[in-house]
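Asks: Sharing a structure, written as structure tokens. Questions coming.
The values are calculated or read from the model by the stated rules, or taken from the named source; none is laboratory data. Values in this document were obtained by computation on a predicted structure and should not be read as measured data. Cβ placement follows ideal geometry from the backbone for every residue including glycine, while neighbour counts extend to all protein chains displayed. What goes into the accessible areas is simple: the full protein's heavy atoms, side chains included, and nothing from ligands, DNA or RNA. Shrake-Rupley method; radii C 1.70, N 1.55, O 1.52, S 1.80 Å.
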Amino acid sequence: MARIIRLSLVVLSGLLCAASVLEAGFVDVVNKVSVTSYRNYLDNSLYTRTGDNRGIGGPQHDPARDNIFNLFSSFGLNVSLDPFDYGGSTYHNVVAKKTGSTRPNDIYVIGAHYDSVGNPGADDNASGVAGVLEAARVLASEPLDATLVFIAFDREEQGLVGSTAYANAHPTDNIL
């Protein structure tokens, strides 16, 4: 029950953030949120089972990233792997964008991180990524005034590296 409440809070906070960009009715959009979809992402795409490891260099880190990319793509979003360097290596945030129709330069970001620290990381932060995926699924087909960017950040466990890299790479974006 606690996970369902957390899911609701994560997805609803993303939808509330998006409310000012929605052309459709907010209640109609919220009614499209599915606990079944959320659980499917958490259980079958993000490697949250005992023995899984989404930590840097862990065997499920890159497959989780690839699953996030493919899920965003399946929603019809424009998706890219956004590279950044850290410690002499290249890592990738997964970035999906839905461009707004009337205010495309007004940008809202909904994000979470997909890396963990040598473990499955179901609550840190696969539950957040599953919420971002569910928000993306629901909002991908909605007409939007402003632009929504859904991001699965990498290297957050080392001090918000992926999100900092994204912010530094987009200094002139009007991120609201």
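Asks: So if I restrict to the alpha-carbon atoms in the range 96-176, what is the Rg, and what is Dmax, the biggest pairwise distance, in Å?
Replies: Using the Cα atoms of the range 96-176, the pair Rg, Dmax is 13.7, 44 Å.
Asks: Which translational diffusion coefficient, to the nearest whole µm²/s, is obtained for the range 127-174 from the Stokes-Einstein equation, given a Kirkwood hydrodynamic radius over C-alpha pairs, 37 °C and 0.692 mPa s?
Replies: Numbers: Rh = 12.4 Å.
Estimated diffusion coefficient is 265 µm²/s.
Asks: With every protein chain kept in place and ligands, DNA and RNA left out, what is the accessible area per residue of the chain? Probe 1.4 Å, answer in Å². All intermediate terms of the calculation are to be shown ahead of the outcome.
Replies: Values: 8040 Å² over 176 residues.
Per-residue accessible area for the chain comes out at 46 Å².
Asks: Here's something else I'd like to know. What's the whole-number percent of alpha carbon pairs in the range 61-101 lying beyond 14 angstrom?
Replies: Working: 418 of 820 pairs.
Every Cα pair in the range 61-101 considered, those over 14 Å come to 51 percent.
Asks: Got a number for carbon plus sulfur as a percent of the chain's accessible area, 1.4 Å probe?
Replies: On the way: 4140 of 8040 Å².
Carbon and sulfur: 51 percent of the exposed surface of the chain.
Asks: Over the range 23-73, what lengths in whole Å, largest first, do the semi-axes of the equivalent ellipsoid take, defined as the square roots of 5 times the eigenvalues of the alpha-carbon gyration tensor? Write down the numbers at each step before the final one.
Replies: Numbers: eigenvalues 165, 32, 11 Å².
Result for the range 23-73: semi-axes of 29, 13, 7 Å.
Asks: Expressed as a rounded percentage, what relative contact order does the chain have, with Cα pairs under 8 Å and six or more residues apart? Provide the component values of the computation, followed by the final result.
Replies: Working: 327 pairs, mean separation 51.0, N = 176.
Here the relative contact order equals 29 percent.
Asks: Taking only Cα atoms and a 10 Å spring cutoff, compute GNM fluctuations for the chain and point out the largest among Val94, Val35, Val138.
Replies: The residue that fluctuates most here is Val35.
Asks: Per q in 0.14, 0.15, 0.19 Å⁻¹, report the Debye log10 I(q)/I(0) for the chain, using one uniform scatterer on each alpha carbon and no solvent.
Replies: Log-scaled intensity ratios, in q order: -0.70, -0.80, -1.26.
Asks: What share of all Cα pairs of the range 38-129, in percent, falls into each consecutive 5 Å distance bin?
Replies: Taking all Cα pairs of the range 38-129, the binned fractions are 3, 13, 22, 23, 18, 11, 6, 3, 1, 0 percent.
Asks: Let me ask something else. Compute the relative contact order of the range 70-154 as a whole-number percentage, counting only Cα pairs closer than 8 Å that sit 6 or more residues apart in sequence. Working shown, then result.
Replies: Numbers: 154 pairs, mean separation 34.7, N = 85.
Computed over the range 70-154, the figure is 41 percent.
Asks: GNM on the chain, C-alpha springs below 10 Å: top fluctuator among Thr90, Thr102, Thr48?
Replies: Per the Cα network of the chain with a 10 Å cutoff, Thr90 tops the list.
Asks: Along the Cα→Cβ direction, 7 angstrom out, place labels at Asn105 and Asn78. What is the inter-label distance in nm?
Replies: Simple spin-label model gives 1.6 nm for this pair.
Asks: For the chain, what is the percent of antiparallel DSSP beta bridges, rounded to the nearest 5? Display every interim value, and only then the final one.
Replies: Values: 15 of 26 bridges.
Percent antiparallel among DSSP bridges in the chain is about 60.
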